[in-house]
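Peer 1: The structure follows.
The values are calculated or read from the model by the stated rules, or taken from the named source; none is laboratory data. Quick caveat: nothing in here was measured; it's all calculated off a predicted structure. Here the Cβ is made from the backbone with ideal geometry for all residues, glycine too, and neighbour counts use every protein chain on show. These area figures cover heavy atoms from the full protein model, side chains too; ligands, DNA and RNA do not enter into them. Shrake-Rupley method; radii C 1.70, N 1.55, O 1.52, S 1.80 Å.
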Amino acid sequence: MLWATAGVVALGFLVALEVAARHYGLPGPITTQVREVIVAPKSGFLLYAGMALTMVVLTRRQRFIAVGVALGIDAVFLVVRWAAGVDVLDGQPFGNGALWVILGCAVIAVTRRTGAERVLLLKGVGLGLLLVAGRKTGDTWLLITSKTRPMVLDPYLAVADHALGNPSWLMGRIVTATGPVGAHALDYVYAQLAVAAVVVALYQLRDVAAERRFPRHHLVRTFLVIGLLGPGIYLIFPVVGPIFAYGPGAFGTGGLHWAAADLWPDLPPPISTAPHEMPFDEITPRNCMPSLHTAWATAIFIHSRRGPRLLRYAGTFWLIATLTATLGFGYHYGVDLIAGVVFTLTIEAALRSLARGWDRSGTQLVTYGVAVFGALLLSYRYLPTEMAERPWLFGPLLLLAMASVIYGYVRTTGQWETKALPARQPVPEHQLVSG
């Protein structure tokens, strides 16, 4: 019933976004996904990552067959496009085969499986499609934010960021100094965040095929909830980011004539005593507050902690590289990152509490996380000047607020894990009996 309800809710949500996108004259997530059955997909890597999640329910032999079928279908598409003279200008020339395999598994589950095996295979299909659909819904959400929020709050965050020493401007100069090599490396890490998440998720779900069940909690759940709730905050606190509001900057991709000034990354904006909303175009997404790239990278870091050493190192690297890219490319202010960390830990605590059963400690942790997140948003909106004029006070306070949520999460989840460990049985002692 839970999975059926989740499926109905997800379908209703996709239909609503499709209608909203159509209202603005653009295809929605359902249309764009259906197109990728035939046309070149926007991200072939994402489709293969979705197929990998689906394959966690398959046996080793079935996985080899699925991969072979996907590659074979992609090869056919490549030959047909080459013969027809079709050039792939927008997207990647592979990935259709992976989508066909996912849909094929759904057909097999309905027509060839029964009982628990059918449910398990449908869960695998749903997991793969949710990852793919999450990207499509995200694109539609970003469209909605740009169309429905003509005014942005960037001047408030630019002023509040003085409390942290304007980290976006500092990191932007550092990334610019590294030249194209450093920029391209960071851009790859930034763009392939979903693939990194799949690697961690595959490790967590590695025993599904043998145990014939999914674990109670895993990274994909956190990833999807972050993507579902985050855009709602975008609508409440619309922000486009430093490179757009104060660009075009070093990379020449900023807001041009919509920008308040061409300052990023060379010169931080002056402290204003009366920051105000500013108009912006209907194209640039209002997708800064909170930083969802930071939120997702934080989730990857958290879930990689229980993996082998190489996975833990990779999770740490991806978090550091993502934070560097979000600031260094001018996509986010420093205050966005703090909000993103608090946002993730609160969601993670709620999902873990839901999986293990709510208790007082879980409720307190989630409530505290929500309170801190709300306080951050209110302070950015109503106290930016005070924060900028007293960085010696508000800078440490912002970091302390984030650290307090981190400490609460680590302490509470540590207690949960300690309680979950089975009690050690005493080892019987053998004594010599003298005759």
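Peer 1: Relative contact order for the chain using alpha-carbon pairs under 8 Å, separation at least 6, rounded to a whole percent?
Peer 2: It comes to 18 percent, rounded to a whole number.
Peer 1: Going by amide H atoms built from the backbone, whose H comes under 5 Å of the H on residue 288, apart from near neighbours?
Peer 2: Those lying under 5 Å, H to H, from residue 288 are 239.
Peer 1: Shifting gears a bit: Show the residues, 5+ positions off or on another chain, whose built amide H is closer than 5 Å to the amide H of residue 152.
Peer 2: Those lying under 5 Å, H to H, from residue 152 are 278, 280.
Peer 1: Further question: Determine, for the chain, the count of lysine pairs separated by eight or more sequence positions (or lying on different chains) whose alpha-carbon distance falls under 28 Å.
Peer 2: Counting lysine pairs in the chain gives 5.
Peer 1: Over all alpha-carbon pairs in the range 116-174, figure out the percentage whose distance exceeds 12 Å.
Peer 2: Tail of the P(r) past 12 Å holds 78 percent of the pairs.
Peer 1: If you count, for each residue, the other Cβ atoms within 10 Å and average over each peptide, how do 233-241, 349-357 line up from highest to lowest?
Peer 2: 233-241, 349-357
Peer 1: What three numbers, in Å, describe the spread of the alpha carbons of the range 164-285 along their principal axes, ordered from the longest?
Peer 2: 59, 37, 28 Å, listed from the longest principal axis down.
Peer 1: To continue, here is another question. Based on the alpha carbon coordinates of the range 278-320, what radius of gyration and maximum Cα-Cα distance (Dmax) apply, in Å?
Peer 2: In Å, with Rg to one decimal and Dmax whole: 15.3, 48.
Peer 1: Further question on the same structure: Over 21 Å apart: what share of the alpha carbon pairs of the range 268-399 falls there, rounded to a whole percent?
Peer 2: 53
Peer 1: If N is the number of residues in the range 20-97, what value comes out of its Cα radius of gyration divided by 2.2 N^0.38 Å?
Peer 2: Ratio of Rg to 2.2 N^0.38 Å for the range 20-97: 1.27.
Peer 1: GNM, the chain, Cα, under 10 Å: largest mean-square fluctuation among 133, 70, 375?
Peer 2: 375
Peer 1: A follow-up question, please. Just want to confirm a number: the relative contact order over the range 172-261, from Cα pairs under 8 angstrom separated by 6+ residues, in percent.
Peer 2: 15
Peer 1: First compute the accessible area of the chain with a 1.4 Å probe, then give the percent of it belonging to carbon and sulfur atoms.
Peer 2: With neighbouring chains kept in place, the figure for the chain is 68 percent.
Peer 1: Please report the net charge: other residues with Cβ closer than 12 Å to the Cβ of residue 17, K and R +1, D and E -1.
Peer 2: Result for the local shell: 0.
Peer 1: When the Karplus curve 6.51 cos²θ - 1.76 cosθ + 1.60 is applied with θ = phi - 60°, which whole-Hz ³J(HN,Hα) does each residue of the range 125-136 get, with x for Gly and Pro?
Peer 2: So the J values, rounded to whole Hz, are 4, x, 5, x, 5, 5, 4, 5, 5, x, 5, 5.
Peer 1: Moving on. Need one number: the % of Cα-Cα pairs in the range 338-397 sitting beyond the 15 Å mark.
Peer 2: Value for the range 338-397: 56 percent of Cα pairs lie more than 15 Å apart.
Peer 1: Sticking with this one: Residue by residue through the range 385-398, what is 3J(HN,Hα) from phi via Karplus (6.51 cos²θ - 1.76 cosθ + 1.60, θ = phi - 60°)? Round to whole Hz and write x for glycine and proline.
Peer 2: For the range 385-398, the Karplus curve yields 5, 4, 5, 5, 6, 10, x, 5, 9, 7, x, x, 5, 4 Hz.
Peer 1: Using Cα springs under 10 Å in a Gaussian network model of the chain, which residue among 366, 19, 405 shows the largest mean-square fluctuation?
Peer 2: The residue with the greatest mean-square fluctuation here is 19.
Peer 1: While we're on this one: So, for the chain, what is the accessible surface per residue at a probe of 1.4 Å, expressed in square angstrom?
Peer 2: Accessible area per residue: 51 Å².
Peer 1: Express the relative contact order of the range 85-192 as a whole percentage, based on alpha carbon pairs under 8 Å and six or more residues apart in sequence.
Peer 2: 13
Peer 1: Still on this model: Beta carbons within 10 angstrom, averaged per residue: use that to sort the peptides 291-297, 54-60, 97-103, highest first.
Peer 2: Descending mean neighbour count gives 291-297, 97-103, 54-60.
Peer 1: Could you tell me what fraction of 2.2 N^0.38 Å the Cα radius of gyration of the range 1-132 comes to, as a two-decimal ratio?
Peer 2: That ratio works out to 1.13.
Peer 1: D for the chain, whole µm²/s, Stokes-Einstein with Kirkwood Rh over alpha-carbon pairs at 20 °C and 1.002 mPa s: what number?
Peer 2: 91
Peer 1: Could you check the spin-label model distance between residue 60 and residue 76? Points 7 Å from the Cα along Cα→Cβ, value in nm.
Peer 2: 2.9
Peer 1: Using θ = phi - 60° and the Karplus relation 6.51 cos²θ - 1.76 cosθ + 1.60, list the HN-Hα couplings for the range 318-328 in order, rounded to whole Hz, with x at every Gly or Pro.
Peer 2: Whole-Hz 3J(HN,Hα) from phi for the range 318-328: 5, 5, 5, 5, 5, 4, 5, 5, 4, 7, x.
Peer 1: In the Gaussian network model of the chain, springs joining C-alpha atoms below 10 Å, which of 11, 228, 337 carries the largest mean-square fluctuation?
Peer 2: Maximum fluctuation in the GNM of the chain, among the listed residues, is at 11.
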